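K.L.:
So that we are looking at the same thing, I have put the structure below in structure tokens.
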2 protein chains.
Amino acid sequence: MLVLIKLCSILILLIGVQSNPDRRKNYSQLKSCDIGPLAEEIASYESVVKNIINYVVNGPFKGKTYDELSKFVDTFGARPSGSQILEDSIDYMIQLTKDEDINDIVTEELEVPHWMRGKEEITMIEPRIKNIDLLGLGQSVSTPSEGITAEVIVVNNFEELAEIPNEVVEGKIVLYDPIFTTYRETVVYRSQGAVRAAEKGAVASLVRSIAPFSINSPHTGSQNYNNNVKKIPTAAISIEDADLMRRLFNRGQKIILNITMTSTSETKTSRNTLIDLKGTLNPEKLVIVSGHIDSWDVGQGAMDDGGGLFVSWAVPVILKQLNMKPKRTIRSIFWTAEELGLIGAYAYEEKHRNESHNINFIMESDEGTFAPRGLAVGGSQKARCIIAEILKLFESINASTLVEEDSPGSDISVLIKTGIPGASLHNANEKYFWFHHTEGDTMNVESPEELDLCAAFWTAVAYIIADISADIPR
Amino acid sequence: MLVLIKLCSILILLIGVQSNPDRRKNYSQLKSCDIGPLAEEIASYESVVKNIINYVVNGPFKGKTYDELSKFVDTFGARPSGSQILEDSIDYMIQLTKDEDINDIVTEELEVPHWMRGKEEITMIEPRIKNIDLLGLGQSVSTPSEGITAEVIVVNNFEELAEIPNEVVEGKIVLYDPIFTTYRETVVYRSQGAVRAAEKGAVASLVRSIAPFSINSPHTGSQNYNNNVKKIPTAAISIEDADLMRRLFNRGQKIILNITMTSTSETKTSRNTLIDLKGTLNPEKLVIVSGHIDSWDVGQGAMDDGGGLFVSWAVPVILKQLNMKPKRTIRSIFWTAEELGLIGAYAYEEKHRNESHNINFIMESDEGTFAPRGLAVGGSQKARCIIAEILKLFESINASTLVEEDSPGSDISVLIKTGIPGASLHNANEKYFWFHHTEGDTMNVESPEELDLCAAFWTAVAYIIADISADIPR
């Protein structure tokens, strides 16, 4: 019977679904989203959703996600890729899970970069002496010990840089000063800035922090050198200091900086952590929930991605406590070394490539755990129609929105681009980039109530996807 | 005739005005605020207000306040009391004023403290190694060169501290962790924290930054030692680190810090700057507008109090450009050394005590120059009724609110407590304490449009008070 319903559903989907320009609202009300009898089946999970929300938001699990996250963050603080503290924090999470009597835990080793910043200082020498706060970008090389002293050229974008003759850029420091629009649009100046500046002969590159708001807070992040281009030191400065230099530059005042940066770079071993809540009917099929356990070396990694880590940890724990066993296996993954280039995700994809057809759906929370609003879903239209139907069950907590996204999440994008459908937690994260990759990524960004809502939502969504008769179609 | 109207007005005020519980709205509509024929006289300034607003907000002065402030801030940056850069910035403002063909400028010398922070570091040693960002508080003494290593006691308030036996506090570091309510309520833990902790035998004191929001931003500020109590090193830490230590402390975990701070303290000479636009009828009578030119040594002093400085500088400049000459003298004062204890204001009050009866009204902007909303007024009920009537003329820019305050402003409170009526700029400064005394006090807090509105409002209010037939009664 279940197989029949499943086949039916897929058939209907294959026939009925067409492309849909509406990216957000009432997704599942569209005619093109007629998923047949599966809609009724999904609706029958209403009481399951209520039970989970009650248990987590008002019941015995209330406050637990925040409390455990806060103990974890207070104990370890920042957990940079390749550090011993990251490995210790992985061991802690394994023990915390075992304490919940969940023992189906595997770790998978991989090589990860261990980049460590040392001394970092910028002094503006002209037109006046001023300390410039900075954070070196991931993998940045060191300057000579006496630093680099050079004049600054301020550009808004790559086009402006391209128009300046190479002989003008040579020997100078390029400051990219792009005004934040969206992260995806603006972050290219952080990730590609050093290479593009070095190609023109610059001796160092700086970037206005990729953020819409600041209290003189520099934001670090990854950047990609090109082995065919000279590696130059590269760092982020605050919005305020970028604006200062922009004003000085526009007034025709010569800006001279001394930049002194040191860093070391090694390779270390780390681990992805896989926790399975085995499926009753199709244990080989996987619904994955995930977050990354590593963080930048500044701040505490409470938001990025402590929150995502803990709501994903909570999924098997809550289901175990409620004695709820879905048909498919729910796997909770704690990715390692996300921040230096999704290293853990690439290793997982490679290692599990032969069984990737078994991944039914993959979820990640890595954009904040503020109040949940729904899911940002990548995959086929048919997949999105089923997810939209599931999201209808979360109207009571205002988390029914489906956002279409080609490449949701961070780590999981590695798997989604191979054709696996997946989703990222869509949440009220309007202030996410205020704190992202700064010293301000602390427990103060997190709220017990919002974490409860996220944990309940994440758990119920994963459970339903893992339990319904139909696979999520590719 | 003018004298008659004036006498009439005062008589009516003396008879008609009673106490008024309404602190904000429709102040001048109250029966107790019948100011007689003066109301009509004030209403006749409507076109004056329109002209000034037009000139500043849409006309030739548009953007000038922001542009000049930004050149000033970018040129000098922070201007701490006693520093050469503060004196240079005073010379710059004098020249900037002379460039506007205003030459009635006097400076008055006084002795000011010159406290300079040196190295400041806190390392949490237990329960784990963590750097704790800090800013030493004004006049803080140094630690021994090896620092102070001691256990932390976290208290919410003085009452909690009082309940702990002295022998428990002895040799420890006290951390005050008061949640921000209002600045006035909370700031006592910064200003009195060191003395109260030292009285109990503490070796250092820390305070949760006096702020409602943070991106791991410590906020410095003044504090008052007592010569009869041992001076111990004292600093502010971020809200985030205070919360971290509070959580560790509540869990019973021992917190050990090493605090290393150095500073120097000297006395230097600085100057108050007085710029007069002489009155046509009663030049001896003064309407004072003011802001302070010194700042903390962190950030750029753009908001505190660059904005107040420049809207007060703008008053004589705008009136001069418009060739408007009020009956009384308008004096623009740039106070020095406000941050270390209203030093400039105390010196002015002492020097001018014999002529203080000539101060008709005194205004200061030192709480932000966001969109103007009206005035916070100290003085008699009669004085407030007249000001409320004037504020009616600013409904078009939504700046008609009168807030009753016993001691408005910072510097001017020194004069207001001698009985002189005065007012502080009431503005949309809800985020003022996000940036106050931090590295984030930069031009990014300021807006050209809001500064235009403030400058226009400040100028028009001062002009009307300086020009109407009635003095502001005491």
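K.L.:
Over chain A, what is the percentage of antiparallel beta bridges among all DSSP beta bridges, to the nearest 5?
P.N.:
Antiparallel bridges: around 55 percent, rounded to the nearest 5.
K.L.:
Let me ask another. Whole-Hz ³J(HN,Hα) for each residue in region A:404-413, computed from phi via Karplus 6.51 cos²θ - 1.76 cosθ + 1.60 with θ = phi - 60°, x for glycine and proline: what do you get?
P.N.:
Residue by residue, region A:404-413 yields 6, 9, 6, 9, x, x, 10, 3, 5, 4 Hz.
K.L.:
If you don't mind, there's one more thing I want to ask. Take the Cα gyration tensor of region A:233-285, multiply each eigenvalue by 5, square-root it, and list the three semi-axes largest first, rounded to whole angstrom.
P.N.:
Ellipsoid semi-axes (Å, largest first): 52, 19, 7.
K.L.:
Can you give me the angle between helix A:84-98 and the longest principal axis of chain A, using Cα atoms only, in degrees from 0 to 90, rounded to the nearest 10?
P.N.:
In chain A, helix A:84-98 runs at an angle near 10 degrees to the longest axis.
K.L.:
Report, as an integer, the average count of C-beta atoms from other chains found within 10 Å of each Cβ along B:212-218.
P.N.:
6
K.L.:
Next question. Using the 7 Å Cα-to-Cβ label point, sort the distances from A:S356 to its equivalents in the other copies shortest first and give them in nm to one decimal.
P.N.:
8.1
K.L.:
What distance in nm lies between label points placed 7 Å from Cα along the C-beta direction at B:E185 and B:K325?
P.N.:
5.1 nm
K.L.:
What FRET efficiency, computed as 1/(1 + (r/R0)^6) with R0 = 51 Å and r the Cβ-Cβ distance, is obtained for B:E167 and A:E430, rounded to the nearest 0.05?
P.N.:
0.55
K.L.:
Viscosity 0.890 mPa s, temperature 25 °C: give me the Stokes-Einstein translational D for the protein assembly as shown in µm²/s, with Rh taken as the Kirkwood radius over C-alpha pairs.
P.N.:
Stokes-Einstein gives a translational diffusion coefficient of 79 µm²/s.
K.L.:
How far, in whole Å, is the closest Cβ of chain B from the axis that maps B onto A, and which residue does it belong to?
P.N.:
Axis relating chain B to chain A; nearest Cβ residue and distance: B:I215, 2.
K.L.:
Which residues' amide hydrogens lie under 5 Å from the amide hydrogen of B:L340, considering only partners 5 or more residues apart or on another chain, with H built in the peptide plane?
P.N.:
none
K.L.:
Here's another thing I want to ask about it. Between region B:119-167 and region B:428-442, how many Å separate their Cα centres?
P.N.:
If we compute the Cα centre of each part, the gap is 25 Å.
K.L.:
Then there is this: Modelling each spin label as a point 7 Å along the Cα-to-Cβ direction, I'd like the A:R353/A:E199 distance in nm, to one decimal.
P.N.:
2.9 nm
K.L.:
Quick one: Kirkwood hydrodynamic radius for chain B, alpha-carbon pairs, angstrom, one decimal?
P.N.:
Here the Kirkwood hydrodynamic radius works out to 23.4 Å.
K.L.:
If you line up the Cα atoms of region A:117-263 on their principal axes, what length do they span on each, largest first, in Å?
P.N.:
36, 36, 34
K.L.:
Treating only the Cβ atoms of Lys and Arg (+1) and Asp and Glu (-1) as charged, compute the dipole magnitude of chain A about its Cα centre; round to the nearest 20 debye.
P.N.:
Using Cβ point charges on Lys, Arg, Asp and Glu, chain A gives about 840 debye.
K.L.:
May I pose another question? What are the ³J(HN,Hα) values, in whole Hz, obtained from phi via the Karplus relation 6.51 cos²θ - 1.76 cosθ + 1.60 with θ = phi - 60°, for each residue of region B:317-325 in sequence order, with x given for Gly and Pro?
P.N.:
Ordered by residue, 3J(HN,Hα) equals 5, 5, 5, 4, 5, 8, 6, 9, 10 Hz.
K.L.:
Report, to the nearest 10°, how far helix B:239-250 tilts away from the longest principal axis of the Cα atoms in chain B, using its own Cα long axis and a range of 0 to 90°.
P.N.:
That helix lies at roughly 40 degrees to the long axis.
K.L.:
Chain A: longest stretch without exposed GluC sites (Glu not before Pro) (DSSP loop, at most 12 other Cβ within 10 Å), sites themselves excluded?
P.N.:
Working: sites that count: A:E146, A:E170, A:E430.
Result, exposed sites excluded: A:171-429.
K.L.:
Given the rule -39500 (n - 2.57) for each run of at least 4 DSSP H residues, summed and divided by the residues of chain B, what is its mean residue ellipticity at 222 nm, to the nearest 500 deg cm²/dmol?
P.N.:
Using -39500 (n - 2.57) per qualifying helix, the result is -9500 deg cm²/dmol.
K.L.:
Charges only on Cβ, +1 for Lys and Arg, -1 for Asp and Glu: so what's the dipole of the protein assembly as shown about the Cα centre, in debye to the nearest 20?
P.N.:
Here the protein assembly as shown has a charge dipole of around 1320 debye.
K.L.:
On a 0 to 90 degree scale, rounded to 10, what angle separates helix B:381-391 from the longest Cα axis of chain B?
P.N.:
80 degrees
K.L.:
Are there trypsin sites (Lys or Arg not before Pro) in region A:125-185 that DSSP marks as loop and that have at most 14 other Cβ atoms within 10 Å, and which are they?
P.N.:
Qualifying residues, ordered by number: A:R128.
K.L.:
Given points 7 Å out from each Cα along the Cα-Cβ axis, report the A:D104 to A:K130 separation in nanometres with one decimal.
P.N.:
5.8 nm
K.L.:
Given H placed 1.01 Å from N in the peptide plane, which residues other than close sequence neighbours of B:H292 have an amide H under 5 Å from its amide H?
P.N.:
Hits under the 5 Å cutoff: B:L309, B:W335.
K.L.:
Residue by residue, what Karplus-based ³J(HN,Hα) values in Hz, rounded to whole numbers, does region B:434-450 have, using 6.51, -1.76 and 1.60 with θ = phi - 60° and x for Gly and Pro?
P.N.:
Per-residue couplings from phi come out as 6, 10, 3, 6, 10, 5, x, 7, 10, 4, 5, 7, 8, 10, x, 5, 5 Hz.
K.L.:
Another question about this same structure. Indicate, rounded to the nearest 5 percent, the antiparallel portion of the DSSP beta bridges found entirely in the protein assembly as shown.
P.N.:
Among the beta bridges of the protein assembly as shown, antiparallel pairing accounts for roughly 55 percent.
K.L.:
Run through the other copies and list how far each one's label point is from that of B:R184, in nm with one decimal, shortest first; the point sits 7 Å from Cα along Cα-Cβ.
P.N.:
5.1
K.L.:
Tell me which residues come under 5 Å, amide H to amide H, from B:Q223 once H is placed; ignore anything under 5 positions away on its chain.
P.N.:
B:G138
K.L.:
Right, here's the next one. What are the label-to-label distances in nm, one decimal and shortest first, from B:P37 to the same spot in the other copies, with labels 7 Å along Cα to Cβ?
P.N.:
Values, ascending and in nm: 9.5.
K.L.:
Over chain B, what is the relative contact order in whole percent, taking alpha-carbon pairs under 8 Å and six or more residues apart?
P.N.:
Relative contact order, chain B: 22 percent.
K.L.:
Can you give me the orientation-averaged projected area of the convex hull built on the Cα atoms of region A:277-418, in nm²?
P.N.:
Orientation-averaged projected area of the Cα hull: 8.9 nm².
Laboratory data are not the source of any read-out in this text; all were calculated from the coordinates shown. Because the structure is a prediction, the values reported are computed rather than measured. So basically every Cβ, Gly included, is an ideal-geometry build from the backbone, and we count neighbours across all protein chains shown.
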